[in-house]
Structure formats: C-alpha cells, structure tokens
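Everything below concerns the one structure shown next.
The values are calculated or read from the model by the stated rules, or taken from the named source; none is laboratory data. Only a predicted model underlies this, so the values are computations on that prediction, with no experimental measurement involved. Backbone-built Cβ (ideal geometry, glycine too); neighbour counts: all protein chains shown. Quick note on the areas: whole protein, heavy atoms, side chains included, nothing else; ligands and nucleic acids left out. Shrake-Rupley method; radii C 1.70, N 1.55, O 1.52, S 1.80 Å.
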Amino acid sequence: MEKYYLWDSTPPYYNGNIPQDAPSLTPFISSRSKTEKTGAIIVCAGGSYIVKTEHEGIKVAESFAENGF
C-alpha cells in the first residue's frame, strides 16, 4: 500500500504531538479495475476531527476492493 501525502511540508493545523500520520490518501485497487473501467470510492474514516480511526478506513476500503469496487 502506497500512501500519497496531501502536503509536501507540514500540513496546516497539523499537531505533531498527536500520535498519527500526516493526512494522506491510500489507494486500494481491485483486481476488477485492472481489466475493466470502474469508478472510485473515497472512504473518510471517522475520528471526530481529532484522529483517523484505522479500524474504519482500512477495513472498509479493503472490503470494497475485494468486492470489485
């Protein structure tokens, strides 16, 4: 999984004291999209504007990719 960070430098309002990664996008490519045109789904995990909840974002994105989305 390759992450694409949204900023080349420190993001605005980023608090490095909170133990989390800088804002990024991580593509989860389905095997179906390699043989036919498919759309894209953006999963924005919750966290109440404080943290990224990994149990929501990654699991949901993997499920979509495994099911051909």
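For the chain, what is the accessible area per residue in Å² when the probe is 1.4 Å?
85 Å²
Give the angle, between 0 and 90 degrees and rounded to the nearest 10, that separates the Cα long axis of helix 54-66 from the longest principal axis of the Cα atoms of the chain.
20 degrees
Determine, at each q value in 0.18, 0.19, 0.22, 0.28 (inverse angstroms), the log₁₀ of I(q)/I(0) that the Debye formula gives when each Cα of the chain is one equal point scatterer.
The Debye formula, applied to the Cα set alone, gives -0.77, -0.83, -1.00, -1.33.
Can you tell me the length gained on complete extension of the stretch residue 26 to residue 3, counting 0.36 nm per residue apart and subtracting the Cα distance?
Taking residue 26 through residue 3 to full extension adds about 7.8 nm, to one decimal.
Sort out the exposed loop trypsin sites (Lys or Arg not before Pro) in the chain (DSSP loop, at most 12 other Cβ within 10 Å) and tell me the longest stretch that has none.
Counting at most 12 other Cβ atoms within 10 Å as exposed, the longest clean stretch of the chain is 4-36.
Could you check the spin-label model distance between residue 15 and residue 35? Points 7 Å from the Cα along Cα→Cβ, value in nm.
Rounded to a tenth, the inter-label distance reads 4.8 nm.
Give the carbon-plus-sulfur fraction of the accessible surface of the chain in %, rounded to a whole number; probe 1.4 Å, heavy atoms of protein chains only.
Within the chain, the accessible surface is 56 percent carbon and sulfur.
Which Cα, out of 24, 57, 40, lies furthest along the positive dipole direction of the chain (beta carbon charges, K/R +1, D/E -1)?
So the residue furthest toward the plus end is 40.
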